[in-house]
Each structure stands twice: as structure tokens, then as C-alpha cells.
Amino acid sequence: MNLSQNNFKHILEVKKLLIIGGTRFVGRNLLEKLIHNHPHYSVTLFNRGITNPHLFPEINKIFGDRKNIEDISKIATTFWDCIIDISGYWPDALEQQLNIHKGNFDKYIYISTCSHYVFHPNHPHLIHEDEPTVTCTEEEKHSEGLQYYNQKKAECERILLETIDNLIILRPGLIIGKYDSTDRLYYWLHKVFSQEKILLAEACKNAISFTYVADLVNIITYFIENTGKHKIYNASSYKAAIEDFVQMSITTLDKQPALIYATHSFLEEHQVEEWVDLPLCLNGTYLTVNSMRLWNELPFRPSSLEQSFAQMIDFYTQERCWETPNVTPPAMTADREKQLLEKF
Ligand SMILES: NC(=O)c1ccc[n+]([C@@H]2O[C@H](COP(=O)([O-])OP(=O)(O)OC[C@H]3O[C@@H](n4cnc5c(N)ncnc54)[C@H](OP(=O)(O)O)[C@@H]3O)[C@@H](O)[C@H]2O)c1
């Protein structure tokens, strides 16, 4: 075959991608990128058709529940060049799926998490990929729903590592950005936008590892085309504290709210749970990872905090129009915050 025949062959080889999930947050961002920048891929979505079913009418969709063996059979007979698994939370379902698939794919990219490490709250350090992840008991493994999230994500990784050679496991930090359906970061930006007094926790000063969703999408698209030197990568963009986002919002939105910081003991006394009631405020600095393995290997850099923040402010201004956040899991109500602020 001469060079021009070779090029022609390359053009004819359309990569077939299967995305399991794809319509809420990470997947939605990924789909937008693939449609705009990689129209030569043949993309198929597999999900139940419950979350945002109106999105991506031009994309081939197969509907089914990944926990249901008959539904999963619908994707098992086709050969996929790459499966991108964004909604893998259930080890039993994953085992069943891989059993049916029996290697009917070339590459598997799994979106995991970095919250499944065995953290050392008293000796915080930037955790690297070779450190242990949490164990998963039989009861946890077989449990339904999203309980035991970290244990089940860790177990899904172990199953994949035992079964698949051409595998990329990405472990993002706390993911933020456009279409974040949890509204946890937006809670804080919206507070600055709309309130004269804001209750924060001292813990809002603690940094954690964040992954900007646009970076994660770029990382996934890189690995669709390229082989990794490793199978597992931490995938965070930067470390930041909620206080950083609050301060940047104050400057960008030109607001001057009074910031009232509550101590951990005050919050405990009033049964306020950091992280949930005051989203993303972690009472410790242990949720931080080292992502240098990834960034040393990729030909591009992660977004800076400032760059990603500016894009998020644009999104919340233009597309969300500063509507009231709908935080998942539910954060403290405005009334409760008011009651607590009266104590200062
Ligand atoms: N958010 C964070 O801060 C964070 C941090 C670290 C890692 N992660 C990981 O990042 C991923 C992010 O998820 P995302 O919600 O943004 O992904 P997404 O792919 O945008 O949305 C989730 C998709 O999964 C589908 N789905 C849910 N249950 C299903 C089932 N039983 N069978 C088939 N499809 C199902 C949903 O569609 P239907 O409902 O229509 O089925 C939806 O399309 C997760 O793997 C999470 O563990 C998240």
C-alpha cells in the first residue's frame, strides 16, 4: 500500500465510541466537545433516557439500564474502538457487563474519583496514584444506589484492572464547571451575588483538589487517540479553597458582603455539617492529590484557577442568569443561615 492509499484508509477508519452515560455534567461537556471538534467520530450513547433526554438529538442512542443484563446485551454485540464509562458506580453491574462484552472493544476509559483513597487526615500530603484505595466489603459491593460511593468506585477500578489491558482510569478531584448539576460551587458564587452577609466555615479556608470539567474533557479526548504510559492517572486541575472562589467572586461581581466565619465547634454545637450544609467546606486538608504523572505526559496544561473561574462566572451569568441554586445534596436553607448569623 502506498502513502496516499494509507491516508485514504485512515480517512475511512471512523472511530466508533460508546459513551455510557453522557447527558448530565461530564458527559454533556464531553459530547459538546466531540460534536464540535471531532465530528469524524461515530458516537453512540447508552443510558436510560431519563436524564436530559432532549439533548443531542443528532447522536445515536441506545436506551437501557446498565444494571440490567438484557439491556446491557444491546451494546455487547457491536465492536467499539473505545468505551468511555462515565456512569460506573456498581461493581456487580460492571462485572456482568464485562462478562457479556468479552473483549468486544479496543480501549476502555473509566471515570473514577480521587475521593476513594485511604486518606490520612493527620498527615495530609498530595496523594499519588500508587497509594491504597479503600476496600469494599461484599455487602458494600452488592449495595444498590449511590451509598458506599468510594468503596464501589474503588472496587470498579479493581475489576477493570483485572480484566482489561487497554485501560485508562482517570481519577478527578472535585469536578466543577458548566452544567455541574450539584450546584455546590454555584451555592457560594450565588451567595456573593445575592446576599449582604454570608455564613462561612473556618473550613472554607482549606484547599482541596478541583478538576475543571473542560480539562477533564480534554484529557478524555486525548486518551481516545493516544496510549497512556500508565493505566491510572490522578486528574486534578488545581488546589483551591472555597474562600478563594468567594474572594474572586467579590472582586469579579463587585460586591461587598460581610463574611462571617464560624468555627468547627460552633457548627458542631448547632448541628451544621460542613461539606453538606456548607458545600465543599472540608474540615481538613487531606483531599488533595498529586496529578503530575498526568500533566508530565500530556502535551497541554490544565486551566488556571482564574481562567476557569472567569468561564464559570460567564456560564452562571449568561445561562443560569443567577437563578436560585438547587444544591445536591441539599445545603443549609437561607432561613437557617439567617438564624445562625444572628448569633454573631
Ligand atoms: N461530581 C464530582 O465532583 C465528581 C468527582 C470525581 C469523580 N466524579 C465521577 O465523574 C462521573 C460524573 O458523572 P456525570 O453525572 O457528570 O456523568 P454524565 O455521563 O454526564 O451523566 C450521568 C449519565 O449516566 C446515566 N445513567 C445513570 N444511571 C444509569 C444506569 N443505571 N444505566 C445507564 N445509564 C445511567 C444518566 O442517564 P439516565 O439517567 O438517562 O440513565 C446520565 O446520562 C461519575 O462517574 C462520578 O463518579 C464526579
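Please specify each residue of the stretch 44-62 satisfying the condition of being in contact (Cβ under 8 Å) with a residue 12 or more places away in the chain and either under 25 Å from HIS142 (Cβ atoms) or more than 8 Å from the ligand (Cβ to nearest atom) (or both). Answer for the stretch 44-62, where residues must be in contact (Cβ under 8 Å) with a residue 12 or more places away in the chain and either under 25 Å from HIS142 (Cβ atoms) or more than 8 Å from the ligand (Cβ to nearest atom) (or both): THR44, PHE46, ASN47, ARG48, THR51, LEU55, PHE56, GLU58, ILE59, ASN60, LYS61, ILE62.
Among the residues making up the stretch 217-242, those that are closer than 24 Å to PRO279 by Cα and out of contact with any Leu (no Cβ under 7 Å at 6 or more places or on another chain) are SER236, SER237, LYS239, ALA241.
Looking at this structure, is SER115 within 30 Å of GLN256 (Cα to Cα), among the polar types (S, T, N, Q) and at pLDDT 95 or above?
Working: within 30 Å of GLN256 (Cα to Cα): no; among the polar types (S, T, N, Q): yes; at pLDDT 95 or above: yes.
In short, no.
Restricted to the stretch 156-210, the set of strands (runs of 3 or more DSSP E) holding at least 3 residues that are away from the ligand (no atom under 15 Å from the Cβ) and either in contact (Cβ under 8 Å) with a residue 24 or more places away in the chain or buried (at least 21 other Cβ atoms within 10 Å of the Cβ) (or both) comprises 197-201.
Screening GLY103, GLY88 for residues that are crowded, with 21+ Cβ neighbours inside 10 Å and either within 18 Å of the chain's Cα centre (by Cα) or in a loop (DSSP other than H, G, I, E, B) (or both) leaves exactly one candidate, GLY88. As a summary of the residue check, HIS230 satisfies the conditions (1) surrounded by fewer than 18 Cβ atoms within 10 Å (Cβ to Cβ); (2) in a helix (DSSP H, G or I); (3) not hydrophobic (A, V, I, L, M, F, W, C) except for the one numbered (2). Count of the stretch 12-43 residues, restricted to those that are buried (at least 19 other Cβ atoms within 10 Å of the Cβ), away from the ligand (no atom under 11 Å from the Cβ) and outside any helix (DSSP H, G or I), is 3.
What number goes with the only condition from (1) out of contact with any helix residue (DSSP H, G or I) (no Cβ under 9 Å at 6 or more places or on another chain); (2) part of a helix (DSSP H, G or I); (3) surrounded by fewer than 17 Cβ atoms within 10 Å (Cβ to Cβ) that ASN150 does not pass? ASN150 satisfies every listed condition except (3). Taking the conditions (1) touching a helix residue (DSSP H, G or I) at 6+ places or on another chain (Cβ under 7 Å); (2) surrounded by 21 or more Cβ atoms within 10 Å (Cβ to Cβ) in turn, ILE75 satisfies each one other than (1). State all residues of the stretch 277-327 that are over 17 Å from the mean Cα position of the chain (by Cα) and aliphatic (A, V, I, L, M); if no residue qualifies, say none. Answer for the stretch 277-327, where residues must be over 17 Å from the mean Cα position of the chain (by Cα) and aliphatic (A, V, I, L, M): LEU278, LEU282, MET292, LEU298, ALA310, ILE313.
Of all the residues in the stretch 63-102, those that are charged (D, E, K, R), within 11 Å of the ligand (Cβ to nearest atom) and within 23 Å of GLU32 (Cβ to Cβ) number 2. Can you find even one residue in the stretch 245-266 that is crowded, with 17+ Cβ neighbours inside 10 Å and within 22 Å of the chain's Cα centre (by Cα)? Checking the stretch 245-266: at least one residue is crowded, with 17+ Cβ neighbours inside 10 Å and within 22 Å of the chain's Cα centre (by Cα). All conditions but one from (1) surrounded by fewer than 15 Cβ atoms within 10 Å (Cβ to Cβ); (2) in a helix (DSSP H, G or I) apply to TRP295; the one that does not is (1).
Could you check, for the stretch 113-130, whether at least one of its residues is within 13 Å of the ligand (Cβ to nearest atom) and part of a strand (DSSP E or B)? Within the stretch 113-130 (the criterion being within 13 Å of the ligand (Cβ to nearest atom) and part of a strand (DSSP E or B)), the answer is yes, since at least one residue qualifies.
The values are calculated or read from the model by the stated rules, or taken from the named source; none is laboratory data. Predicted model only: the values in this text are computed from it and were never measured. Note: ideal-geometry Cβ built from the backbone for every residue, glycine included; neighbour counts use all protein chains shown.
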